[in-house]
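Undergrad: One structure coming up, written as structure tokens, with questions to follow.
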Amino acid sequence: MTEQTIALVTGANKGIGYEIAAGLGKLGWQVGVGARDDGRRAEAVAKLRAGGADAFGVPLDVTDEASVAAAAQQLEARAGRLDVLINNAGITGGPLQQPTAADLPTIRAVLETNVLGVISLTNAVLPLLRRSTSPRIVNMSSSVGSLTRQTDPEGQTGPISIAYSPSKSLLNAVTIQYVKELADTNILINAGCPGFVATDLNGFRGHRTPEQGAAIAIKLATLPDDGPTGGFFEDAGVVPW
């Protein structure tokens, strides 16, 4: 691109999202730090700027339609377009998720953030993405959403999870539907798995760093125009659906 690339990363005030923003900032991009908490968002933006990134804050709660609309309006006013959307914000719903003891409000909350929030924000900024010369959408999924791996008796897919894992399976399915509808556009849309990263999402039990987890998102955000679309990837390659 001849113009400075503009990206929006949701849930970017900490963890993987922050490292995605930092990585894109190192490429010379303008990076919108989407986050709900005003203080944490401002702190993240200040830290990114101190590191040389052209970062700016975007107040954003993906479960709030008014917040989503305001974020899209902010991006419209800033540059009139968006080049890359990285849907990273997500919640797990807690550690105890046996199906027979399912807490329906918790499941709804997880789906609101991990799936419906992605749909809401993607639709809100899609007109801005259409104005980009090389638009990209990256949905941060997880290998625990892989039905193939979940049904492998020897697969390593973590504990039973009636909320989080199915939410990622649904996000993968949603990703495919966007790919199908937007097949006649130049928007590349992919899902990425960061691996088992040590973040507060999992009580810092993961064995990968947030920076390592951010690598797949950065790779998918920077795909060439003839790069893949409609795929599910991790660092090692394709993740089976």
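The values are calculated or read from the model by the stated rules, or taken from the named source; none is laboratory data. None of the values given here were measured: they were computed from a predicted structure. With ideal geometry, Cβ positions are generated from the backbone for all residues, glycine too; neighbour counts draw on all protein chains shown. For accessibility, only protein heavy atoms count, side chains too; no ligands or nucleic acids. Shrake-Rupley method; radii C 1.70, N 1.55, O 1.52, S 1.80 Å.
Undergrad: Just grab the label-to-label distance for Glu65 and Ala109, each label 7 Å out from Cα along the Cβ direction, in nm (one decimal).
TA: About 2.2 nm, to one decimal.
Undergrad: Next up: May I ask which of Lys47/Lys219; Lys14/Lys168; Lys14/Lys180; Lys47/Lys180 have a Cα-Cα span longer than 28 Å here?
TA: Working: Lys47/Lys219 23 Å; Lys14/Lys168 20 Å; Lys14/Lys180 32 Å; Lys47/Lys180 39 Å.
Table pairs above 28 Å Cα-Cα are Lys14/Lys180; Lys47/Lys180.
Undergrad: Report the extension gain between Ala46 and Gln74 in nm, rounded to one decimal, defined as 0.36 nm multiplied by the number of residues separating them, less their alpha carbon distance.
TA: Numbers: separation 28, 0.36 × 28 = 10.08 nm, distance 1.89 nm.
Taking 0.36 nm per residue and subtracting the Cα distance, the gain is 8.2 nm.
Undergrad: So which helices of the chain fit the span-like rule, where a helix is a whole DSSP H run, its Cα atoms reach 15 Å or more along the axis, and its mean Kyte-Doolittle is at least 1.0?
TA: On the way: long enough: 15-26 (17 Å, 0.51); 38-50 (18 Å, -0.74); 65-79 (22 Å, 0.09); 117-129 (18 Å, 1.76); 164-181 (26 Å, -0.18); 210-221 (17 Å, 0.59).
Helices meeting the span and hydropathy rule in the chain are 117-129.
Undergrad: Quick check: net charge around Asp64, other residues with Cβ under 12 Å of its Cβ, Lys/Arg +1 and Asp/Glu -1?
TA: -2
Undergrad: How much of the DSSP bridge set in region 126-241 is antiparallel, in percent, rounded to the nearest 5? Don't skip to the end; give the middle numbers.
TA: On the way: 2 of 10 bridges.
Close to 20 percent.
Undergrad: How much length would be gained if the chain were fully extended between Glu3 and Asn123, taking 0.36 nm per residue of separation minus their Cα-Cα distance, in nm to one decimal? Intermediate values should be presented prior to the final figure.
TA: Details: separation 120, 0.36 × 120 = 43.20 nm, distance 2.37 nm.
Full extension from Glu3 to Asn123 adds 40.8 nm.
Undergrad: If you roll a 1.4 Å probe over region 86-212 with all protein chains in place, what percent of the accessible area is carbon or sulfur?
TA: Working: 3640 of 6240 Å².
Carbon and sulfur: 58 percent of the exposed surface of region 86-212.
Undergrad: Further question: Counting Lys +1, Arg +1, Asp -1, Glu -1, what net charge surrounds Arg131 among other residues with beta carbon under 12 Å of its beta carbon?
TA: Details: positive: Arg81, Arg130; negative: Glu3, Glu76, Asp83.
Here the count lands on -1.
Undergrad: If Lys and Arg each add +1 and Asp and Glu each add -1, what is the summed charge of the other residues whose beta carbon sits under 10 Å from the beta carbon of Asn190?
TA: Values: positive: Arg136, Lys219; negative: none.
Charge balance in the 10 Å sphere: +2.
Undergrad: Still on this structure: Measuring with a 1.4 Å probe in the full set of protein chains, what accessible area per residue, in whole Å², belongs to region 1-125? Working shown, then result.
TA: On the way: 5680 Å² over 125 residues.
The answer is 45 Å² per residue.
Undergrad: Full extension from Leu116 to Asp54: what is 0.36 nm times the residue separation minus their Cα-Cα distance, to one decimal in nm?
TA: On the way: separation 62, 0.36 × 62 = 22.32 nm, distance 2.91 nm.
Full extension from Leu116 to Asp54 adds 19.4 nm.
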